[in-house]
Amino acid sequence: MGEDTDTRKINHSFLRDHSYVTEADIISTVEFNHTGELLATGDKGGRVVIFQREPESKNAPHIQGEYDVYSTFQSHEPEFDYLKSLEIEEKINKIKWLPQQNAAHSLLSTNDKTIKLWKITERDKRPEGYNLKDEEGKLKDLSTVTSLQVPVLKPMDLMVEVSPRRIFANGHTYHINSISVNSDCETYMSADDLRINLWHLAITDRSFTDIVDIKPANMEDLTEVITASEFHPHHCNLFVYSSSKGSLRLCDMRAAALCDKHSKLFEEPEDPSNRSFFSEIISSVSDVKFSHSGRYMLTRDYLTVKVWDLNMEARPIETYQVHDYLRSKLCSLYESDCIFDKFECSWNGSDSVIMTGAYNNFFRMFDRNTKRDVTLEASRESSKPRAVLKPRRVCVGGKRRRDDISVDSLDFTKKILHTAWHPAENIIAIAATNNLYIFQDKVNSDMH
């Protein structure tokens, strides 16, 4: 990734589109499973759509399979909290897959208050030849049963069944912003503005423990809130959470049951010359992701993505400007509430390239080795199968190239907030309003 010759090798398939956009159709989360064979999206209407990768074509084995709709189900419904007179939206905030341990797949989905564990199974055979039931499943008259037969399994059209296994409720006073499955495959955590809960996947009536609680005795003393959290990919005792002040706190559950005292604090000192009214807003971390190796953390704030080394707390080891040209627009972005948009970020499988979204349906990629970056666009115009993505460039002033777009022409209603990267291959999923784009590099196996 980096050179134009590389980006021209990125092909994509366009999966989901509606000409008329309703609020319920807007995609609110995207997540690959651990093998990358399944991809789940959640939307503001409480639905989960699972896509499955088709097997490679025998005629063209070098062409990797496309993703097609595998299953769709309603995960959450709108609710009303009568005690607090609050309406609870059905919008899916996050989806997390559990590592596959048998033929079935499992995922967690959450709205603002309730987390659900779903089991996805396949059925392609049905039993026939019951002794006590007829073909429609009704009980036979026992007097007509004169002989016994052995039931047999007959092939049938593949049926995907999704069933709720657990419902984890009443654990959060505030809106859940993130969930993360632990590497022990037995526990997971959920975070809201002031609290992080640890749950056991087999216990639904209570959270295991409140591992972080930053709620002050007097709410007027509140200075920051929790914005995201994630377990370390290899060490089940470590997790990190980010705050609206731009800091990261690494916690070790071996030290204490309540991790209000962090093990490490990652915080970059502010440059006084850059101090402004918007400084605290744009420094709020909207997403944090451990690298696959577990050595680094990736964070996204409003204008930048940063890479942190777990062994260095003082400052990030890498900082990449996502859309620095917006610094002059912060006042209008504040008035339109865009400055509070929460962009996500993701690593590629080898931790060498990072990706995050921007406005105008642009998304950005940064190569950590070459330090090259590229801006690409997820748009209907470039959504034909096998089409080639061309790098885009935003022009602030001065001379403009033919394909440049002016910063004043950017559409701030089109924003790439949710992205996901295949865990092993060079395939990415981009959610743009109600459309899901899947791009893949069919030439390079890695994006260097």
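The values are calculated or read from the model by the stated rules, or taken from the named source; none is laboratory data. Because the structure is a prediction, the values reported are computed rather than measured. Because the Cβ atoms are built from the backbone with ideal geometry, glycine has one as well, and the counts that use them run over all protein chains shown. In case anyone asks, the SASA skips ligands and DNA or RNA and just uses the protein heavy atoms, side chains included. Shrake-Rupley method; radii C 1.70, N 1.55, O 1.52, S 1.80 Å.
For the residues Gly45, Gly36, the requirement of being in contact with a helix residue (DSSP H, G or I) (Cβ under 9 Å, 6 or more places away or on another chain), modelled with pLDDT of 90 or more and of a type in the set (Gly, Ala, Ser) singles out Gly45.
Hey, can you tell me all the residues within the stretch 201-258 that are open to solvent by less than 20 Å² (accessible area, probe 1.4 Å), of a type in the set (A, V, I, L, M, F, W, C) and without any contact (Cβ under 8 Å) to a residue 40 or more places away in the chain? Result: no residue meets the conditions. Would you check if Glu270 is acidic (Asp, Glu), assigned to a loop (DSSP other than H, G, I, E, B) and closer than 30 Å to Ser328 by Cβ? Criteria met by Glu270. Evaluation of Ile179 against the conditions (1) open to solvent by 50 Å² or more (accessible area, probe 1.4 Å); (2) in contact (Cβ under 8 Å) with a residue 24 or more places away in the chain shows that the sole unmet condition is (1).
Just so you know, in the stretch 129-162 the residues that are touching a residue at least 12 places away in the same chain (Cβ under 8 Å) and open to solvent by less than 60 Å² (accessible area, probe 1.4 Å) include one that is farthest from the chain's Cα centre (by Cα), and it is Val145. Glu344 meets the conditions (1) at pLDDT below 95; (2) open to solvent by less than 70 Å² (accessible area, probe 1.4 Å) in every case but one. The failed one is (1). Just one residue in the set Ser350, Ser332 is under 15 Å from Ile427 (Cα atoms) and small (Gly, Ala, Ser); that residue is Ser350. Residues in the stretch 238-275 that are in contact with an Asp or Glu (Cβ under 6 Å, 6 or more places away or on another chain) and among the basic types (Lys, Arg): Lys245, Lys264. If I ask for residues that are assigned to a loop (DSSP other than H, G, I, E, B), small (Gly, Ala, Ser) and farther than 22 Å from Val69 by Cβ, which ones from the stretch 384-438 would you list? Matches in the stretch 384-438: Gly397, Gly398, Ala424.
Across the stretch 164-185, the number of residues qualifying as in a strand (DSSP E or B), under 17 Å from Arg206 (Cβ atoms) and under 19 Å from the mean Cα position of the chain (by Cα) comes to 1. Within the stretch 269-297, residues that are buried (at least 16 other Cβ atoms within 10 Å of the Cβ) reach partners that are of a type in the set (Phe, Trp, Tyr) and assigned to a loop (DSSP other than H, G, I, E, B) with beta carbons closer than 6 Å, at six or more positions or on different chains, in the pairs Ile282/Tyr302; Ser286/Phe343.
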